[in-house]
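A quick write-up on the structure given underneath.
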Amino acid sequence: MAEATKNKGYVDPRPPVIGPGYDFNSLTNKIADIVFMRHFQKGWLFGLAVAFLGALMLFNTIGYLVLKGVGIWGNSVPVGWAFDIINFVWWIGIGHAGTLISAVLLLLRQSWRNSINRFAEAMTLFAVACAGLFPALHTGRPWVDYWLFPYPNTMGMWPNFRSPLMWDVFAVSTYATVSALFWYIGLIPDLATMRDSAKEKWQRMIFGMLAMGWRGDARHWHRYESAYLLLAGLSTPLVLSVHSIVSFDFAVGIIPGWHTTVFPPYFVAGAIYAGFAMVLTIGIPVRKFYHLEDLITMRHIRNMSKVMLATGLIVGYGYLMELFISWYSGNTYEMFMMKNRMFGPYGYMYWLLILCNIIVPQVLWIKKYRENLKIVFLVSMFINVGMWLERFVIIVMSLNRDFLPSSWRMYKPTVFDFSMFFGTIGFFLTLMFLFIRFVPMIPIFEMKALLPQSKVEEKREEAVEGSLPGGVAPQFGD
Amino acid sequence: MNKQEEPTIYGVMARFDTPTEIVHAAKQVHAAGYRQVNAYSPFPIEELSEAIGFHKDRISLTVLAGGLSGAIGGFLLQYWTSAIDYPINVGGRPLLSLPSFVPIIFESGILLAAFGAVIGMIVMNGLPRPYHPVFNAPGFGRASRDRFFLCIKSTDPKFDGPATHEFLIGLGAKGVTDVEE
């Protein structure tokens with residue numbers, strides 16, 4: 001866009017990524033005022049209360065789970081992995097959109113990402129926190145989860161580094177750490193802005209400590225930009241590797257329906273698909289509630305819809321390839337798996353999945369529907385459900401009928417499976433509610449860099465010359 | 001050095017209202033031979049750090065160091081534990097099973113490279129630094145909001161209190177003030 005504006009006569013046909021009439025000051029206020037608001041809005045309090053009830057349900061379920069063991073879940077041989085792993089993969093996938101928006105779109109110089117990146121990164125962090133709970137609790141003895149990490153111990157043993165589950169430990173913990181670093185580094189300049197704008201002493205102290213004395217020094221900005229760009233460059237292969245490794249949990253196994261080479265790219269596309277759907281699911285209401293239409297514009301909604309459409313098609317290709325390969329392999333078990341998937345006892349789940357992930361999102365081809373917030377929101381809800389169903393189809397339906405009919409068994413989730421799943425949604429939303437109220441949810445400094453005033457113009461010698469008569473300095477501090 | 005008699009001056013600070021003005025002024029300050037100059041802005045301005053003569057940072061080096069040590073460490077950890085300290089013979093398969101070590105080599109490389117970027121940036125920037133003399137300048141709080149500041153430090157060999165003051169006013173500053181140490 002910077003090049004485009006330099007070319008005379010060329011007008012960028014796309015709407016701007018920021019509403020008209022903002023300057024540095026009003027933009028700062030627009031975002032910071034949400035944090036500095038003296039009261040709590042009723043809608044926010046109500047939302048937080050409902051979400052927190054969900055979180056309480058999660059905490060109670062975990063308490064009972066630790067007390068009684070994983071037997072309270074419906075998992076039973078041969079379905080040893082069920083809701084716990086479905087939810088793990090679902091949450092991790094949701095998290096990936098945050099990294100994609102903040103890192104990949106930064107590298108691709110998609111400046112429209114600036115208003116949604118912090119928000120999406122926060123989503124990543126909270127989604128990864130929810131995801132991590134499941135495998136950690138699924139071990140059955142979460143109090144010895146530290147055994148997963150390689151440390152010299154009195155048992156004289158080391159973890160098995162040839163296992164995809166071990167790769168998962170490294171991938172997910174690296175992902176969580178790098179996402180947290182990226183998020184915090186992105187926050188530092190804004191925390192300094194909050195420190196300088198705060199009216200109360202305690203606010204200044206808290207923001208001041210978190211901002212680490214950031215003062216906008218040009219040298220600091222230079223290093224900051226380098227570090228931020230490099231972090232983005234590191235996060236991009238990281239996010240691809242994380243979901244590839246998650247897919248190895250399955251693809252390395254020999255279960256029909258898991259043992260396929262298409263899994264890594266297909267899982268990564270699915271993750272981005274689910275993640276963008278979640279960004280829209282949360283972004284559309286937040287945008288309306290806090291009147292952020294000028295900062296999260298229709299162009300953002302449209303762009304995200306298009307990303308969903310594209311990744312949705314890749315996912316559709318994945319489904320098609322699974323179908324094709326199971327036939328082309330000529331393998332009895334593979335062919336049976338596919339038939340069972342479509343017409344077996346859980347067959348309706350497969351068709352629901354196709355409806356949610358493949359059929360419904362096609363309405364986004366039509367411009368009129370991409371512009372309609374209600375429809376986009378509804379489609380993103382369908383995708384959220386669809387991506388959960390996809391993991392159910394892959395995990396449970398491959399396990400419950402494998403090689404030997406004598407070992408087949410239907411899987412039934414218990415009430416605790418559901419309370420834990422919906423509990424994590426509550427926990428996630430609780431964290432989101434706290435985030436949008438107590439942290440500037442849109443990067444202030446990155447938005448300023450998008451304003452036309454932020455561009456340095458050349459050839460200003462005449463204008464600057466003699467702008468001050470007789471060397472009399474005006475008041476400094478206003 | 002006696003604070004009782006004369007407050008030591010950290011530098012002289014000039015205020016500007018637009019990025020264009022400060023970049024223009026910074027270029028002239030640099031051209032006039034001042035080298036110990038700092039500029040402050042609410043958002044990154046590429047031209048500004050160039051104007052005060054700061055062209056190259058060394059963040060990429062800390063990232064490289066982090067990435068290499070992470071990847072090598074990840075490999076050595078896996079090799080030593082799986083092939084030397086705790087070898088398990090599974091049907092005669094090689095103990096140094098490189099392909100299965102790749103994911104963790106990659107992840108640990110990324111992890112330490114990211115720490116390299118973050119710690120490198122924080123340490124080289126001299127953060128955390130809760131107190132800094134420039135915070136004493138009146139209205140400096142708006143450096144994080146909508147104002148741009150240029151500060152010539154008193155340690156600069158060319159620094160000469162009143163003359164530097166006049167010089168900055170001549171550059172079109174909207175205000176110039178001394179910053180106390």
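The values are calculated or read from the model by the stated rules, or taken from the named source; none is laboratory data. Fair warning: this is a prediction, and the values are worked out from it, not measured in the lab. Cβ coordinates were reconstructed from backbone atoms using ideal geometry, including for glycine residues, and neighbour counts include every protein chain displayed. Keep in mind that these areas ignore ligands, DNA and RNA; they rest on the heavy atoms of the full protein, side chains included. Shrake-Rupley method; radii C 1.70, N 1.55, O 1.52, S 1.80 Å.
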Listed by chain and number, the residues whose amide H is under 5 Å from that of B:G175, excluding neighbours fewer than 5 places away on the same chain and using placed H, are B:R15
Averaged over A:230-236, how many beta carbons belonging to a partner chain fall within 10 Å of each residue's beta carbon?
-> 5
accessible surface per residue for segment B:59-124, probe 1.4 Å, DNA/RNA/ligands not counted, whole Å² -> 50
What nm value, rounded to one decimal, do you get for the distance between A:Q203 and A:D145 when each label is placed 7 Å out toward the C-beta?
-> 3.6
Value at 222 nm in deg cm²/dmol, rounded to 500, when DSSP H runs of n ≥ 4 in the protein assembly as shown each add -39,500 (n - 2.57) | -19500 deg cm²/dmol
Hey, can you grab everything whose amide H is under 5 Å from the amide H of B:G11? Only 5+ residues off in sequence or another chain; H modelled, so Pro and N-termini drop out.
-> B:S154, B:V179
Full-extension gain in nm, A:L404 to A:Y184, via 0.36 nm per residue minus C-alpha separation | 74.1 nm
Length gained if A:E458 through A:Q362 is fully extended, taking 0.36 nm per residue and subtracting the Cα-Cα distance, is 29.8 nm
Whole Å is fine, so just give me how far the alpha carbon centre of segment A:282-342 lies from that of segment A:149-181.
-> 30
Could you check how many percent of all C-alpha pairs in segment B:59-124 are farther apart than 21 Å?
-> 35
For A:78-88, what's the mean count of beta carbons from other chains sitting within 10 Å of each residue's beta carbon?
-> 0
Interchain or sequence-distant (5+) residues whose placed amide H lies within less than 5 Å of the amide H of A:V79 are none
Using a simple spin-label model with points 7 Å from Cα along the Cα→Cβ vector, what separation in nm is obtained for B:V102 and A:F422?
-> 4.4
Using θ = phi - 60° and the Karplus form 6.51 cos²θ - 1.76 cosθ + 1.60, what ³J(HN,Hα) does each residue of segment A:335-344 get, whole Hz, x for Gly and Pro?
-> 5, 5, 4, 5, 5, 5, 5, 8, 10, x
Using only the Cα atoms of segment B:113-160, build the gyration tensor, take square roots of its eigenvalues as a ≥ b ≥ c, and label the shape rounded, prolate or oblate: rounded if a/c is under 1.5, else prolate if a/b is larger than b/c, else oblate.
-> oblate
Excluding A:P135 itself, calculate the net charge of residues whose Cβ lies under 14 Å from the Cβ of A:P135, where each Lys or Arg counts +1 and each Asp or Glu counts -1.
-> -2
Rounded to the nearest whole number, the per residue volume of the convex hull around the C-alpha atoms of chain B in Å³ is 169
Have a look at the protein assembly as shown and give its Rg and Dmax from the Cα atoms, expressed in angstrom.
-> 28.2, 98
Given 10 °C and 1.306 mPa s, how large is the Stokes-Einstein diffusion coefficient of segment A:173-239 in µm²/s, with Rh as the Kirkwood radius over Cα pairs?
-> 123
Sorted by average packing, counted as other Cβ atoms within 10 angstrom per residue and highest first, what order do A:64-70, A:258-264, B:109-115 take?
-> B:109-115, A:258-264, A:64-70
Roll a 1.4 Å probe over the protein chains and send me the accessible area per residue for segment A:326-452 in Å².
-> 45
Based on the mean of other beta carbon atoms within 10 Å per residue, what is the order of A:74-83, A:214-223, B:130-139, most packed first?
-> A:214-223, A:74-83, B:130-139
Exercise: per-residue mean of other protein chain Cβ atoms within 10 Å, A:448-457 = 5
Scalar couplings 3J(HN,Hα) for segment B:53-65 by Karplus 6.51 cos²θ - 1.76 cosθ + 1.60 (θ = phi - 60°), nearest whole Hz, x for Gly and Pro, are x, 10, 10, 9, 9, 10, 4, 4, 5, 5, 5, 4, 4
Under the Karplus curve 6.51 cos²θ - 1.76 cosθ + 1.60, θ = phi - 60°, whole-Hz ³J(HN,Hα) for segment B:171-181, x wherever Gly or Pro sits = 7, x, 5, 7, x, 10, 9, 7, 10, 7, 5
Taking all protein chains together and a probe of 1.4 Å, list B:E46, B:E107 from the most accessible to the least accessible.
-> B:E46, B:E107
Starting with the highest mean, order A:185-191, A:136-142, A:100-106 by the number of other Cβ atoms within 10 Å, averaged over the residues of each peptide.
-> A:100-106, A:185-191, A:136-142
